[in-house]
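Asks: Sending over a structure as structure tokens; questions will come in a sec.
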Amino acid sequence: MSQSLSREQLLSLAQEFGTPLYVYHAEKIKEQYETLSGAFSAIKARFFFACKALTNINILKYINSLGAGLDCVSIYEVRIGLMAGFTPDRILFTPNCVDFDEIDAGRALGVTLNIDNISILEQFGNRYGGSYPICIRINPHIMGGGNYKISTGHVDSKFGISVHQMRHIERVVKTTGLNVKGLHMHTGSDIKDVNVFLAGLEVMFEMTAHFPNLEFVDLGSGFKVPYHEDDVRTDVVALGKKVAEAFAQFKAESGRDLEVWFEPGKFIVSEAGYFIVKTNVVKTTTATVFAGVNSGFNHLIRPMMYEAYHRIGNLSNPDGPSRIYTVVGHICETDTFAWDRTLPEIREGDLLVFYNAGAYGFEMSSNFNSRLKPAEVLVLNGKPLLIRRRQEFEDLLRDQIDVL
Ligand SMILES: *Cc1c(COP(=O)(O)O)cnc(C)c1O
């Protein structure tokens, strides 16, 4: 059984709350979390929701109630996480290219710091020595992930400290007395080959010899969920088995009993999200038929930014004859959601739904073109809860200072 919202439910939500509208299904989030944690039940595994995928505080409260931890990339995400009820011991702070002060603010709040730059490592060690244990983010130079823009493990990546800089890391740790409790890697997103994780794990295991105080190895995320009709998902059950075997072998050889940590974003919330829009116009040109909707890349940027594929449904006319459409938004720039997509006939006024809209959807939205951001609704136990109001005209000017 897989949790999902029906067409009737989505239509009634659109009617009640208007469009464009983001809808999240709580029980689907729970199902994904339980699938993942169940796959690793044989070993000591911890999961930290990478909240940059979706930070509405109600989503965070719900995920907190499931027992997960939180992975944050900015001090503000850390603060929202604390407000949502995550205790500092269940928050991992993994920023990149931030000022030392931001790292220090994370330390003051008591969260686990994941440091990914030798210069910061030096500064932190010089100031605090071994008094505040830290985690180090390694770049293992393993290529993973669907596309260059979302791959972070390659040699040109700005993330992590290269595995080839081990000597330098060691020197800093030794000189400053840093207490390293974790090693971390995150090679990208949309990784369907479980061997990428296992290759990374091997690199991490090799490094453990240098760090006697290690408590955990963090394998990041990148679990793939199906976006396309015939996409596969990362086989987390197979991965769980292989990782458990690798840890058992490592323990037998080294006598060390380490935890494994993960930071899933997409896997937890992507499929729980729906984005509903209304077709404003159907426009036939000499080249194609456009369906122009009341949204754009200011609300869902993944297709334009990553060439991401989102399945689309016609909620209003599901049994209409198949036709071919280019689905576009109303932003004044190239703003295409889908090229040459076969869909049930779209009529002006029809409601369309983008599936898999829970991760990096609303979160990456903007007010470009002076357009308003959509509302967000959480469906919990069959009940719709408005968790973000739709923006109004006044919101566009809220932060501006009119001085002329
Ligand atoms: C973005 C990110 C994640 C989550 O990636 P997904 O592909 O959404 O699962 C995990 N860890 C770190 C450090 C990240 O930056």
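Asks: Consider region 76-97. How many of its residues are in a loop (DSSP other than H, G, I, E, B), out of contact with any helix residue (DSSP H, G or I) (no Cβ under 8 Å at 6 or more places or on another chain) and on the phi < 0 side of the Ramachandran plot?
Replies: 3
Asks: Somewhere in region 239-256, is a residue of a type outside the set (A, V, I, L, M, F, W, C) and assigned to a loop (DSSP other than H, G, I, E, B)?
Replies: Yes, some residue in region 239-256 is of a type outside the set (A, V, I, L, M, F, W, C) and assigned to a loop (DSSP other than H, G, I, E, B).
Asks: Let me ask another. May I ask you to list the residues in region 1-16 that are in contact (Cβ under 8 Å) with a residue 12 or more places away in the chain and either in the same structural domain as Val293 (by the TED database) or within 26 Å of the chain's Cα centre (by Cα) (or both)?
Replies: Of everything in region 1-16, those that are in contact (Cβ under 8 Å) with a residue 12 or more places away in the chain and either in the same structural domain as Val293 (by the TED database) or within 26 Å of the chain's Cα centre (by Cα) (or both) turn out to be Ser2, Gln3, Ser4, Leu5, Arg7, Gln9, Leu10, Leu13, Ala14.
Asks: For His141, indicate whether it is at pLDDT below 95 and out of contact with any helix residue (DSSP H, G or I) (no Cβ under 7 Å at 6 or more places or on another chain).
Replies: Here the answer is no, as His141 does not meet what is asked.
Asks: Restrict the check to region 265-278 and report whether at least one residue is charged (D, E, K, R), out of contact with any strand residue (DSSP E or B) (no Cβ under 8 Å at 6 or more places or on another chain) and closer than 25 Å to Val328 by Cβ.
Replies: Scanning region 265-278, I find at least one residue that is charged (D, E, K, R), out of contact with any strand residue (DSSP E or B) (no Cβ under 8 Å at 6 or more places or on another chain) and closer than 25 Å to Val328 by Cβ, so the answer is yes.
Asks: Right, next: If you scan region 309-336, which residues turn out to be in contact with a His (Cβ under 8 Å, 6 or more places away or on another chain) and under 17 Å from Glu229 (Cα atoms)?
Replies: Tyr309, Arg311, listed by residue number.
Asks: As an exercise: evaluate Ala199 against (1) more than 16 Å from the ligand (Cβ to nearest atom); (2) outside any helix (DSSP H, G or I); (3) among the small types (Gly, Ala, Ser) and give the number of the one condition it does not meet.
Replies: Single failed check for Ala199: (2).
Asks: Starting from residues that are in contact with a helix residue (DSSP H, G or I) (Cβ under 7 Å, 6 or more places away or on another chain) and closer than 17 Å to Leu198 by Cα, keep the ones in region 259-286 and report whichever is farthest from the ligand (Cβ to nearest atom).
Replies: Filtering first and then ranking leaves Val260.
Asks: Among the residues of region 221-231, is there at least one that is in a strand (DSSP E or B), within 16 Å of the ligand (Cβ to nearest atom) and modelled with pLDDT of 95 or more?
Replies: No, region 221-231 has no match at all.
Asks: Out of region 90-114, which residues are basic (Lys, Arg) and either under 14 Å from Ile161 (Cβ atoms) or away from the ligand (no atom under 16 Å from the Cβ) (or both)?
Replies: Answer for region 90-114, where residues must be basic (Lys, Arg) and either under 14 Å from Ile161 (Cβ atoms) or away from the ligand (no atom under 16 Å from the Cβ) (or both): just Arg107.
Asks: Just to be sure I understand the filter: pairs with C-beta atoms under 7 Å, separated by 6 or more residues or on different chains, first member in region 198-216 and over 19 Å from Val172 (Cβ atoms), second member among the aromatic types (Phe, Trp, Tyr) and assigned to a helix (DSSP H, G or I). Which pairs pass?
Replies: Close Cβ pairs (under 7 Å, with a partner that is among the aromatic types (Phe, Trp, Tyr) and assigned to a helix (DSSP H, G or I)) amount to Phe205/Phe250.
Asks: Under the condition of being surrounded by fewer than 20 Cβ atoms within 10 Å (Cβ to Cβ) and within 16 Å of the ligand (Cβ to nearest atom), which residue from region 347-371 is nearest to Tyr306 (Cα to Cα)?
Replies: Met364
Asks: Further question on the same structure: On the basis of being assigned to a strand (DSSP E or B), surrounded by fewer than 17 Cβ atoms within 10 Å (Cβ to Cβ) and more than 16 Å from the ligand (Cβ to nearest atom), does Asn213 make the cut?
Replies: no
Asks: Give the residues of region 294-308 that are farther than 16 Å from Leu54 by Cβ and either part of a helix (DSSP H, G or I) or touching a Ser or Thr at 6+ places or on another chain (Cβ under 9 Å) (or both), sorted by residue number.
Replies: Hits for region 294-308 are Asn294, Ser295, Phe297, Asn298, Pro303, Met304, Met305, Tyr306.
Asks: Let me ask another. Tell me, please, whether a residue that is over 25 Å from Lys241 (Cα atoms) and at pLDDT 95 or above can be found in region 39-49.
Replies: There is no residue in region 39-49 that is over 25 Å from Lys241 (Cα atoms) and at pLDDT 95 or above.
Asks: Still on this structure: Regarding Tyr62, is this residue within 25 Å of Ser365 (Cβ to Cβ), within 15 Å of the ligand (Cβ to nearest atom) and more than 13 Å from the chain's Cα centre (by Cα)?
Replies: no
Asks: Filter region 261-300 for residues that are under 26 Å from Glu345 (Cβ atoms) and buried (at least 24 other Cβ atoms within 10 Å of the Cβ) and give the result.
Replies: Gly273, Tyr274, Phe275, Ile276, Val277, Ala291, Val293, Ser295, Gly296, His299, Leu300
The values are calculated or read from the model by the stated rules, or taken from the named source; none is laboratory data. Computed from a predicted structure; not experimentally measured. Note that we place each Cβ from the backbone using ideal geometry, even for glycine, and neighbour counts take in every protein chain shown.
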